[in-house]
1. For segment 141-190, enumerate the residues that are aromatic (Phe, Trp, Tyr) and either crowded, with 22+ Cβ neighbours inside 10 Å or farther than 23 Å from Ala211 by Cα (or both).
2. Return yes when Gly126 is under 21 Å from Lys173 (Cβ atoms), in contact with a helix residue (DSSP H, G or I) (Cβ under 7 Å, 6 or more places away or on another chain) and modelled with pLDDT under 95 and no when it is not.
3. For segment 49-68, state whether one or more residues are exposed (fewer than 13 other Cβ atoms within 10 Å of the Cβ), under 22 Å from Val153 (Cα atoms) and among the aliphatic types (A, V, I, L, M).
4. Please give the number of the condition Gln82 fails out of (1) surrounded by 14 or more Cβ atoms within 10 Å (Cβ to Cβ); (2) in contact (Cβ under 8 Å) with a residue 40 or more places away in the chain.
5. When both residues are 6+ apart or on different chains and their Cβ atoms are under 7 Å apart, which pairs have a first residue that lies in segment 285-303 and is assigned by TED's automatic domain parsing to the domain that holds Ala237, and a second that is surrounded by 15 or more Cβ atoms within 10 Å (Cβ to Cβ)?
6. What number of residues within segment 196-228 are within 23 Å of Val153 (Cα to Cα) and at pLDDT 95 or above?
7. Specify which of the listed residues (Ala245, Ala252) is at pLDDT below 90 and touching a Gly at 6+ places or on another chain (Cβ under 8 Å).
8. Does any residue in segment 315-326 that is over 16 Å from Glu337 (Cα atoms) come within less than 6 Å, Cβ to Cβ, of a residue that is not in a helix (DSSP H, G or I) six or more places away or on a different chain, and which pairs are these?
Amino acid sequence: MGHAERDHALLSASGAHRWLYCTPSARLEEPFPDTTSEAAEEGTLAHELAELKVRNYFYSVEFGKRKLTAAINKLKKEKPWQDEMMGYTEEYLDYIKGVALAMKSTPYVAIEKRVDFSAYVPDGFGTADCILICGNVLHVIDFKYGKSPNGRVEAEGNPQLALYALGAYEMYKILYPIENIRMSIVQPRLSDGISEWECPLEELLSFGRYAKGRAELAIKGEGEYAPGPKTCQYCRARGQCRARADHDVKLAFSDNLGKLPPFISSEEMGDYLRKGADVTKWLGDLQDCALKECLAGKEVPGWKAVEGRGSRDWTDMDKAFDTLTKGGIAEDAVLWERKPLTLAQVEKVVGKKDFADAVGEYVVWKPGKPALVEASDKRPAITNKVTAAEAFKEDQV
């Protein structure tokens, strides 16, 4: 079964960060279709490629080089394919190799293993990317293909990985004396994309007991709503959820401003930024939802759907250009613009290693513009390294 055809449980491991903390959301989003995106399709294809490489490394007799090559060539015909996936999945494989070789003996290896954690979550199951077991250590490794620094996933306290680990423990506890749990996230498209966490078995089981209580509420659609940037981010009901609307309206339209001093303090500034992080996202989701209603022929008082600004396109560019050149227009000088590829595009064409070997000496790192992020972000804080005028001078006219 391909990655895209996986079954999805109501209380899925991938959605645990939502239903664990906002328990009614699991039932609330049921009427809404589960949609996909180009990024999700790209991630699915990268996962399939990663699985093939890991399977070939550990089970080369059953899945040898010839089968691997044939399978990869088949994936290359898929629309989301990008050549850079070969390098990123190799980094994922290298990490797993390093973990396995560092173990005291040859580990038991399970790849794309369906795990059942229904002992804690009703009908709970999921698919773990890679499971390694050696002695008393159970190691669960998850591959993430996201590339946004804001989307970096932490292994510590990660509920998705913890549920996978619970499922793996229930499956293998009869065969192995598991006492320690290790969990890893590998995001090769980020420079700091490896996150690891280890905990004793009892800590994992304690989480399992907590998850069981929360799941009992979630399966019945009970409990308290907990709207916020993280819980609402991928919720299918986020555009029409009343709890989220009430929460963000209170933040955006507070009625006690006249009772406060005229200037906000640094502490209040940080508090407003944290509390209001979801307001803009909520308004965007609300607009998307209203647009769908209008396009479906439903009335949203005060609003309507209109056709956006269109654009022209060629029906046959080659024939058009041929006609122009025959009419005396110079093709090379007028119809085509010659410009170099960006540094990233050149590296993609050449390959990371060959690029570094050939022209690495001509590349210099230019620091990015200062950005405001939450204190939990892993990047080091900067102070007085660059002035605001210098950072934003390219925007000045």
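1. Taking segment 141-190 and keeping what is aromatic (Phe, Trp, Tyr), we get 143, 145, 164, 169, 172, 176.
Scanning segment 141-190 gives Phe143, Tyr145, Tyr164, Tyr169, Tyr176.
2. Working: under 21 Å from Lys173 (Cβ atoms): yes; in contact with a helix residue (DSSP H, G or I) (Cβ under 7 Å, 6 or more places away or on another chain): yes; modelled with pLDDT under 95: yes.
Answer is yes for this residue.
3. At the first step, the residues of segment 49-68 found to be exposed (fewer than 13 other Cβ atoms within 10 Å of the Cβ) are 59-62, 64-66.
Okay, now just the ones that are also under 22 Å from Val153 (Cα atoms), so none.
Within segment 49-68 (the criterion being exposed (fewer than 13 other Cβ atoms within 10 Å of the Cβ), under 22 Å from Val153 (Cα atoms) and among the aliphatic types (A, V, I, L, M)), the answer is no, since none of the residues qualifies.
4. (1)
5. Asp285/Arg238; Asp285/Gly239; Leu286/Gly239; Asp288/Gly239; Cys289/Gly239; Cys289/Gln240
6. Just the residues of segment 196-228 that are within 23 Å of Val153 (Cα to Cα), to begin with: 196-201, 203-208, 210-211, 214-215, 226-228.
Subsequent filtering for residues that are at pLDDT 95 or above retains 196-201, 203-208, 210-211, 214-215.
Residues in segment 196-228 being within 23 Å of Val153 (Cα to Cα) and at pLDDT 95 or above: 16 in total.
7. Details: Ala245 fails: touching a Gly at 6+ places or on another chain (Cβ under 8 Å).
Unique residue meeting the criteria: Ala252.
8. Ala320/Trp314
The values are calculated or read from the model by the stated rules, or taken from the named source; none is laboratory data. Source: prediction; values computed, not measured. All Cβ positions, even for glycine, are placed from backbone atoms using ideal geometry, and neighbour counts span all protein chains on display.
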